[in-house]
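Each value in this text was obtained by applying a stated rule to the coordinates, not by laboratory testing. Small disclaimer: the values here were computed from a predicted structure and weren't measured. Methodologically, a virtual Cβ is constructed for each residue, glycine included, from the backbone with ideal geometry; neighbour enumeration extends over all protein chains shown.
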Amino acid sequence: MSALLGEGNIRKMLSELTDTTVEYALPMGDSKVPLNTLLGQSISLSFLGAINCVHCGRKTKKSFNQGYCYPCFQRLAQCDSCIMSPQKCHYAAGTCREPEWGDANCMVDHFVYLANTSGLKVGITRGTQLPTRWIDQGATQALPAFRVASRLDSGLVEVVFAEHVADKTAWQRMLKGANDPMDLVAERARLTQICSEAIDELRQERGIDAITTLDSGDVTEIDYPVLEYPTKVKSMTFDKMPEVAGTLLGIKAQYLILDTGVINMRRHAGYQVALSRTMEN
């Protein structure tokens, strides 16, 4: 016996940091299903066989770049390679796919930050995306290091830091549990000192006001609703199985952690899914 909780095209999970704990909800069609209350319960996620582009809504056999149809993937600025590699931003060359989108999303203040995810890493994001970006990466601690004038500037600074610290999260390790706490303030000071010469060179190139070093502010601490972390991470996807079911043991980053494996919900944006709670007879 099961109770239907929601049905429709899903999007990435919504998150809100309350005190230090993350509250999650899954958008399904026009509704949002709270997820934290399902911890410890048996649930099933059934793929209904259709995928719709998260931008234009057209039906697509295959999803690209976490939810787009191929034409949108080819056309939209938000799907360009410079989104993953901001140091390759080509807005100034006049070749941005959508200059207006670039004005609103790339030519605005960004932050370069340090986070404790699967270990110490550097990352970048718009100020409006904090702390969401940190949560989406599964960070347990995070601290801004620089405020910069554009996405390109953030990418250039990130490249400098990435010579000394990771710029990617090892997602399997991140899902196996919380890391030991780090002194991010000390790490920020250490890396800023090590990279000072390269950062000064960027300021001379990009403008003295383009890159602002941050030496204040508190570390954001983040706890996730997890009852039990897996010792071995088994990834599940609707591309290989029509139904994902099991006891919900936790939620971290954009993953549901079940006793049967983990599933990246953001990876399946645009998929039509039914979410049910399995009830005892």
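Values for this structure:
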item: Distant-in-sequence amide H partners of Phe238 (H built 1.01 Å from N, under 5 Å); result: none
item: Charge dipole magnitude, Cβ of K and R +1, D and E -1 - the chain, Cα centre, debye nearest 20; result: 1280
item: Most mobile listed residue (Glu243, Glu221, Glu205) in the chain, GNM with C-alpha springs under 10 Å; result: Glu205
item: Residue-span extension gain [Lys62 to Ala198] - 0.36 nm each, minus C-alpha spacing; result: 44.7 nm
item: Farthest positive-ward along segment 72-221 dipole, Cα basis, beta-carbon charges - from Cys72, Cys96, Ala149; result: Cys72
item: Under the Debye formula (equal points on every Cα, no solvent term), log10 I(q)/I(0) of segment 72-221 at q = 0.18, 0.20 Å⁻¹; result: -1.07, -1.26
item: Under-5 Å amide H pairs with Ile257, H placed in peptide plane, nonlocal only; result: Leu249, Gly250, Ile251, Lys252
item: Gain in span if fully extended, Arg75 to Val159, counting 0.36 nm per residue against the direct Cα distance; result: 27.6 nm
item: Simple Cβ-charge dipole of segment 1-120, Lys/Arg +1 and Asp/Glu -1, about Cα centre, in debye nearest 20; result: 660
item: In degrees, nearest ten, helix 151-161 long axis to first principal axis of the chain (Cα); result: 80
item: Dipole of the chain, positive direction: furthest Cα of Leu114, Pro242, Asn36, with charges on the beta-carbon; result: Pro242
item: Cut-off under 5 Å, modelled amide H: who pairs with Ala170 long-range; result: Ser118
item: Nearest-ten-degree value, helix 184-194 long axis tilted from longest Cα axis of the chain; result: 40
item: Dipole of the chain, positive direction: furthest Cα of Ser2, Thr20, Gln129, with charges on the beta-carbon; result: Ser2
item: Per-residue HN-Hα couplings for segment 19-30 [Karplus 6.51, -1.76, 1.60; θ = phi - 60°; Hz; x = Gly/Pro]; result: 6, 10, 9, 8, 9, 10, 9, 10, x, 9, x, 9
item: Cα gyration tensor shape of the chain, rounded if a/c is under 1.5, else prolate or oblate by comparing a/b with b/c; result: oblate
item: Segment 218-281 and segment 3-37: distance between their alpha carbon centers, rounded to Å; result: 12
item: Selected from Gly40, Gly138, Gly123 as most flexible by GNM, with the chain as the system and alpha-carbon contacts under 10 Å; result: Gly40
item: For segment 72-221, size of Cβ-based charge dipole, Lys and Arg +1, Asp and Glu -1, in debye; result: 500
